[in-house]
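Take a look at the structure set out below.
Only the coordinates and a few stated rules stand behind these numbers; no lab work does. Given the structure is predicted, the values throughout are model-derived calculations rather than measurements. As a convention, Cβ positions derive from the backbone with ideal geometry for all residues, glycine included, and neighbour counts pool all protein chains shown.
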Amino acid sequence: MVERLGNGGLAPALDGIRLSLHVLAAAVWVGGQLTLAGLVPAARGLGEGAARTLARAFARIQWPAYGVLVVTGLWNVSAVHAGQPHTWQIVLGVKIVVVALAGLGALLHTRSTTRRGVATWGGVTALSSIAALVMGVFLAG
């Protein structure tokens, strides 16, 4: 039997955990991309391969963060989806597509072999990640 917390039961504590994990993962995914984009020009000055080394190091935390975002995002939907207006559901559908685009863009960015491909897919990833973050704020409000 699960012990109840306060007058509201266990639900408020689980909501806090779910939302905290989601926001933390978004901070790593989106914030890390923006931080790395700011560091790349300086890293290039450190020598051949320095920017690539930073990118590989970021990938070790980027992909787990993306996984946490997907899992907690599904948890968010299951916790609040019922009874939401049609426009909310439309924004949610668009957000799901944008989140998938962000993941695909990041994957293609890491696999690109040309500067143009790296730049193009990096831009797609950054823009779609920021768009997903903004849509998440609107969905939460």
Problem set entry | Options A42, H22, G83, ranked by Cα towards positive dipole end of the chain, top entry (Cβ charges) | A42
Exercise. Can you list the HN-Hα couplings for segment 60-65, worked out from phi with the Karplus curve (6.51, -1.76, 1.60; θ = phi - 60°), rounded to whole Hz and with x for Gly and Pro?
Worked result: 5, 10, 5, 5, x, 5
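With +1 on each Lys and Arg Cβ and -1 on each Asp and Glu Cβ, how big is the dipole of segment 11-140 about its Cα centre, in debye rounded to the nearest 20?
Numbers: 9 positive and 2 negative charges, 90 e Å.
Once rounded to the nearest 20, the dipole reads 440 debye.
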Exercise. In terms of the ratio Rg/(2.2 N^0.38 Å) built on C-alpha atoms, what value belongs to segment 11-140?
Worked result: 1.16
